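Undergrad: Okay, here's the structure, questions in a sec.
The values are calculated or read from the model by the stated rules, or taken from the named source; none is laboratory data. These figures come from a predicted structure and were not determined experimentally. Quick reminder, even Gly has a Cβ in these numbers, built from the backbone with ideal geometry, and neighbours come from all protein chains shown.
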Amino acid sequence: MKIIIFILFSIFSFNNGYSQLSIDTDIKILRAQSDEGNAEAKFFLGALYYSGQGVEQDFSKALKLFEESSNSGYTSATYNLGVIYAKGRGVEIDEDKAIQFYEKAALGGLDRAQYVYATWLRDGKATEKNLALAMDFFKRSSLQNYGPGLLEVAKGYENGFSGRRDYREAVKLYRQARAHDDGKDNYTYYNATYRLGLLYMKGLGVEQDKRKAIRFIREASENNVAEAINYLKNISKN
């Protein structure tokens, strides 16, 4: 039986927003490759058991396969273990375990893991707050052109949390973020558009252009960016 796996990136980590198996999708062959110690096969077979696609859903088998894949150095499996323990999907929520897996995956170079680990450091979730280390990992993800990471580093330059206040650098990164495609909702594009609109409104890092500012903020508002919606409500009252 030939199958193709598509799993949302918000749940599991693959190389793209949606990812197609890069190895033979025949389940019997996938199992054989897994039994031979193929970390990628273990990862995808674990995804099958977790989602119940093509096999009977079995969280315990999925977890075991992800652990084996992670132990073999497959970083996406390590990240998925973090998600599983953070969300309590098939296991009890365990934030201490989750952050350990997020950290391991972040150190392994996975951009999404770097971003998520940074948010936990920033918010003091399952660890003490560490804004400097959080920004370091945001920067690591941004260097891989990871959209939400670009946003955080840009905001850091805008508010001074990136080591210095630098509006021109913030503008540069917001523009880079607007060129980033991160799927159907375009979270990165619209949030970067809003932040860039604010800088045009104030003339920070760019020549002041209130008409362009309102156009950017309105575009973000029309695409459900809450801060943009509130901003337009507030200026309409004044």
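Undergrad: Given the structure, is Ser60 modelled with pLDDT under 95 and part of a helix (DSSP H, G or I)?
TA: Taking the combined requirement at face value, the residue satisfies it.
Undergrad: Here is a follow-up. Can you name every residue in region 104-118 that is over 9 Å from Ser76 (Cβ atoms), assigned to a helix (DSSP H, G or I) and small (Gly, Ala, Ser)?
TA: Ala106, Ala118
Undergrad: Still on this structure, I have one more. Which of the residues spanning region 156-177 are closer than 18 Å to Lys202 by Cβ and buried (at least 19 other Cβ atoms within 10 Å of the Cβ)?
TA: Gly156, Tyr157, Glu158, Ala170, Val171, Leu173, Tyr174
Undergrad: Right, something else. I'd like the residue in region 176-229 that is among the polar types (S, T, N, Q) and outside any helix (DSSP H, G or I) and, out of all such residues, is farthest from the chain's Cα centre (by Cα).
TA: The residue in question is Gln208.
Undergrad: With the structure loaded, tell me whether Ala132 is more than 22 Å from Tyr85 (Cα to Cα), out of contact with any Ser or Thr (no Cβ under 9 Å at 6 or more places or on another chain) and of a type outside the set (Lys, Arg) or whether it fails that test.
TA: Judged against the criteria, Ala132 is a match.
Undergrad: Next up: Filtering region 124-139 down to residues that are in contact with an Asp or Glu (Cβ under 8 Å, 6 or more places away or on another chain) and charged (D, E, K, R), which residue is surrounded by the fewest Cβ atoms within 10 Å (Cβ to Cβ)?
TA: Per the criteria, the residue is Lys129.
Undergrad: For the structure I just gave you, tell me whether Tyr85 is of a type outside the set (A, V, I, L, M), over 30 Å from Glu152 (Cα atoms), touching a Phe, Trp or Tyr at 6+ places or on another chain (Cβ under 8 Å) and not assigned by TED's automatic domain parsing to the domain that holds Gly149.
TA: So Tyr85 fails the test.
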